[in-house]
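Visitor: Below you will find the structure I want to go over with you.
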Amino acid sequence: MNAGAIWAIYRYEMGRFFRTLAQSFISPVISTSLYFVVFGAAIGSRIDEVGGVSYGAFIVPGLIMLTVMTQAITNASFGIYFPKFIGTIYEVLSAPVSFLEVVVGYVGAAATKALFIGVVIMVTASFFVDLRIAHPLPMALFLVLTCVSFALMGFIIGIWAKNFEQLQLVPLLIVTPLVFLGGSFYSISMLPQAWQTIALFNPVVYLVSGFRWSFYGMADVPVAVSLVVIAGFLALCLAAVWWIFRTGWRIRA
């Protein structure tokens, strides 16, 4: 594996992140803080606790997941789409660099950005609520797997998209609604039985549930199932990326 090529792509993408710090970092942190203040103040004043955890602390894992997923997708999709848009992707494809090295460079940078923002939001939330992490290692595992999986998904979207508008379709119209309906701000056990059954078809439920369990030891679904779901999603994205580079779909055409 060409470590130099991976590092060159990774360093360039991280450099773009710091050059546009206001858009890439400050904006999502402020947006998430506003979510936290509004939901924590407006709804938290009416709901004291959920499963023995204060409502303000209960929504923190969901807010982190919401931000991490959307940021990983956005950074990865733009990172690969922009070279396509200006034509520099052909320089990468003609270089002695394998598709695996290209993916590791772009996806690794996007996952790092999302992970960094997620950690900052976690630290920021600790100033508002009494945040505790019952299982630090599983928490880190869920966070890293989510960052990498959704960065891969964003990479696929960036290759699929034909214009800048399409880059926002999946995050805005699919991922964000699934996160809001995935138990980010409530426990699905609070729903009527019929809606609980319907909610189990939402894959985000398993991610949020497993991540929240790592904080407070409470989960809507078994933790093992959550791990299987995120691992399966990661494998599916890897298979899709492999097929894209094998066939040249939306890259060489």
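The values are calculated or read from the model by the stated rules, or taken from the named source; none is laboratory data. Model, not experiment: these values are computed from the prediction. No Cβ is skipped: glycine too gets one built from the backbone with ideal geometry, and neighbour counts run over all protein chains shown.
Visitor: Answer yes or no as to whether Tyr106 is without any contact (Cβ under 8 Å) to a residue 60 or more places away in the chain and more than 24 Å from Arg212 (Cβ to Cβ).
Guide: no
Visitor: Are there any pairs with C-beta distances below 7 angstrom linking a residue in the range 159-185 that is touching a residue at least 40 places away in the same chain (Cβ under 8 Å) to a residue that is surrounded by 21 or more Cβ atoms within 10 Å (Cβ to Cβ) and among the charged types (D, E, K, R), with the two at least 6 apart or on different chains, and if so which?
Guide: Gly183/Asp220
Visitor: What are the residue pairs meeting all of these: first residue in the range 186-210, first residue in contact (Cβ under 8 Å) with a residue 12 or more places away in the chain, second residue loosely packed, with under 14 Cβ neighbours inside 10 Å and not in a helix (DSSP H, G or I), Cβ atoms under 6 Å, and 6 or more apart or on different chains?
Guide: Filtered contacts from the range 186-210: no entries.
Visitor: Every residue in the range 212-248 that is among the aromatic types (Phe, Trp, Tyr), surrounded by 19 or more Cβ atoms within 10 Å (Cβ to Cβ) and out of contact with any Gly (no Cβ under 8 Å at 6 or more places or on another chain), please.
Guide: Trp213, Phe215, Phe233
Visitor: Only one of Ser24, Ser31, Ser77 is closer than 28 Å to Val97 by Cβ, small (Gly, Ala, Ser), surrounded by fewer than 23 Cβ atoms within 10 Å (Cβ to Cβ) and out of contact with any Pro (no Cβ under 7 Å at 6 or more places or on another chain). Can you tell me which?
Guide: That would be Ser24, the only listed residue that is closer than 28 Å to Val97 by Cβ, small (Gly, Ala, Ser), surrounded by fewer than 23 Cβ atoms within 10 Å (Cβ to Cβ) and out of contact with any Pro (no Cβ under 7 Å at 6 or more places or on another chain).
Visitor: Please determine whether any residue of the range 41-56 is modelled with pLDDT of 85 or more and touching a strand residue (DSSP E or B) at 6+ places or on another chain (Cβ under 9 Å).
Guide: Yes.
Visitor: Only one residue in Ala235, Ala219, Ala199, Ala224 is under 18 Å from Ala151 (Cα atoms) and not β-branched (Val, Ile, Thr), so which one is that?
Guide: Going through Ala235, Ala219, Ala199, Ala224 in turn, just one is under 18 Å from Ala151 (Cα atoms) and not β-branched (Val, Ile, Thr): Ala235.
Visitor: Would you mention how many residues in the range 78-101 are in contact with a Leu (Cβ under 7 Å, 6 or more places away or on another chain) and of a type in the set (A, V, I, L, M, F, W, C)?
Guide: Total satisfying the criteria: 1.
Visitor: When the residues of the range 189-211 are narrowed to those that are buried (at least 18 other Cβ atoms within 10 Å of the Cβ) and of a type in the set (Gly, Ala, Ser), which ends up farthest from Arg132 (Cα to Cα)?
Guide: Per the criteria, the residue is Ala199.
Visitor: With the range 3-71 as the region, which helices (runs of 4 or more DSSP H) entirely inside it contain at least 2 residues that are of a type in the set (Phe, Trp, Tyr) and within 22 Å of Val205 (Cα to Cα)?
Guide: 27-38, 55-58
Visitor: Which ones in the range 118-141 are assigned to a helix (DSSP H, G or I) and either surrounded by 14 or more Cβ atoms within 10 Å (Cβ to Cβ) or at pLDDT below 90 (or both)?
Guide: Gly118, Val119, Val120, Ile121, Met122, Val123, Thr124, Ala125, Pro138, Met139, Ala140, Leu141
Visitor: Here's another thing I want to ask about it. Spot the failing condition for Gly51; the list is (1) over 19 Å from the mean Cα position of the chain (by Cα); (2) within 22 Å of Ala219 (Cβ to Cβ); (3) crowded, with 19+ Cβ neighbours inside 10 Å, and only one is missed.
Guide: (3)
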